[in-house]
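The values are calculated or read from the model by the stated rules, or taken from the named source; none is laboratory data. Here the structure is a predicted model, which is why all the values come from computation and not from measurement. Because the Cβ atoms are built from the backbone with ideal geometry, glycine has one as well, and the counts that use them run over all protein chains shown. Surface accessibility is based on the protein's heavy atoms, side chains included, excluding ligands, DNA and RNA. Shrake-Rupley method; radii C 1.70, N 1.55, O 1.52, S 1.80 Å.
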Amino acid sequence: MLKQILSKVSRKQSKSSKNQESLSNLTPNSTSSSSKRSDLGSGNSRKLVNADISSPLDSKFNPGEKNFRNGNPVSVSYEALPSFRDVSSNEKQNLFIKKVAMCSVIFDFTDPTKNLKEKEIKRQTLLELVDFVASSNVKFTESVMQEFVKMVSANLFRELTPQPRDCKILESYDLEEEEPCMDPSWPHLQIVYELLLRFIASPEADAKIAKKYIDHYFVLKLLDMFDSEDPREREYLKTILHRVYGKFMVHRPFIRKSINNIFYRFVLETEKHNGIAELLEILGSIINGFALPLKEEHKLFLSRALIPLHKPKCLAMYHQQLSYCITQFVEKDCKLADMVIRGLLKYWPVTNSSKEIMFLGELEEVLEATQQPEFHRCMVLLFKQIARCLNSLHFQVAERVLFFWNNDHIENLIRQNRKENLL
């Protein structure tokens, strides 16, 4: 009996010692694998494991460094991956995914002294990706598109903190004299925008597959970035959104509706947005491509979104682009002239002479495309306003309205209806 008890005790001791040995053997591997998972975030970890990333991604990055976009710790090895020229054609798409995963790491650009080596590696990697996308002659796979859109979203879609400006400041805001706010991360953002532009324009990016990832959510986030104070960013966004509109026909109604909503919020709620001019510039091109006869949806867009944009005090920031959109509608369908002229009269400024001069310039362009029947319907209200402008105490307003008589088409309209107008 005593022998049996002693044998059981010895077996338990041997088992416990074996378990301790096995735990000690597993600990380094498990910690290293968990650190690798936390390195590049949950979104890219599966792809990185499948892509079999090897020794270039060993930890040399500061584990205490923070991802300033979302507050998560970034503990990533950051060593340059092989060049596309150094791998075979079959391995290039896998290498592309690895490079994209590297570029998903976000650095803090508010401190120019931090992570200089890593930032330069990321910049060079982004430039390699731009060259690869521009010169690729192989269709991008769905997994490549998915990881690419994740990386672009991580880099571009961030919280904007605009400078506080009230309407009085916006009213006197001069785009040429005011110093725009420049994003310190622009050297990297610019390459990411260029990469996205090349990707969308590439014939190797199949729209039927890409639309799964460049979806409505992606378009909305892209539109949110139009409120950036950096004009360089808005210029890229304008070009990219226009390309998205051209390539993904399925998204066209949604893009127009979303721009509509931005205008509604701007006119009715905030009167603060940095990208109205760029959005109107895109719309000018879109309106130019509208088929005739115009759909009722497009006419409603004119009456409910574009014409009310004359109301905000900061009209000068986007008036040139707005005027172009309005005249495009009238040139496509001259019957809309009556609605446009009545809309201008509704929002006509009373005490703002500089805004009044802008209205007169736009009115002249609209009248050039107006035919006699439409002019006849609104001429009484129109010439009451013209009479008030002729009697304006501001000489530039009175002088600007007198220029109407230098326009042959407008002069003919006035002559044909002089009995009604010159009472």
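Among residues of region 98-110 that are within 13 Å of residue 158 (Cβ to Cβ), those with a Cβ under 8 angstrom from a residue that is of a type in the set (D, E, K, R) and surrounded by 23 or more Cβ atoms within 10 Å (Cβ to Cβ), sequence gap 6+ or separate chain, pair up as 107/122.
Applying the set (1) touching a residue at least 60 places away in the same chain (Cβ under 8 Å); (2) in contact with a helix residue (DSSP H, G or I) (Cβ under 6 Å, 6 or more places away or on another chain); (3) charged (D, E, K, R) to residue 272 leaves exactly one unmet item: (2). Looking only at region 198-250, residues that are open to solvent by 60 Å² or more (accessible area, probe 1.4 Å), touching a Phe, Trp or Tyr at 6+ places or on another chain (Cβ under 8 Å) and not charged (D, E, K, R) come to 1 in all. Is at least one residue of region 117-132 aliphatic (A, V, I, L, M), open to solvent by 70 Å² or more (accessible area, probe 1.4 Å) and in a helix (DSSP H, G or I)? Looking through region 117-132, none of the residues is aliphatic (A, V, I, L, M), open to solvent by 70 Å² or more (accessible area, probe 1.4 Å) and in a helix (DSSP H, G or I). When 336, 345, 322 are checked against the criterion of being in contact with a Leu (Cβ under 8 Å, 6 or more places away or on another chain) and open to solvent by 20 Å² or more (accessible area, probe 1.4 Å), 345 stands alone in meeting it. Consider region 254-304 and keep the residues that are within 14 Å of residue 241 (Cβ to Cβ) and among the small types (Gly, Ala, Ser). The one that is most open to solvent (accessible area, probe 1.4 Å) is 285.
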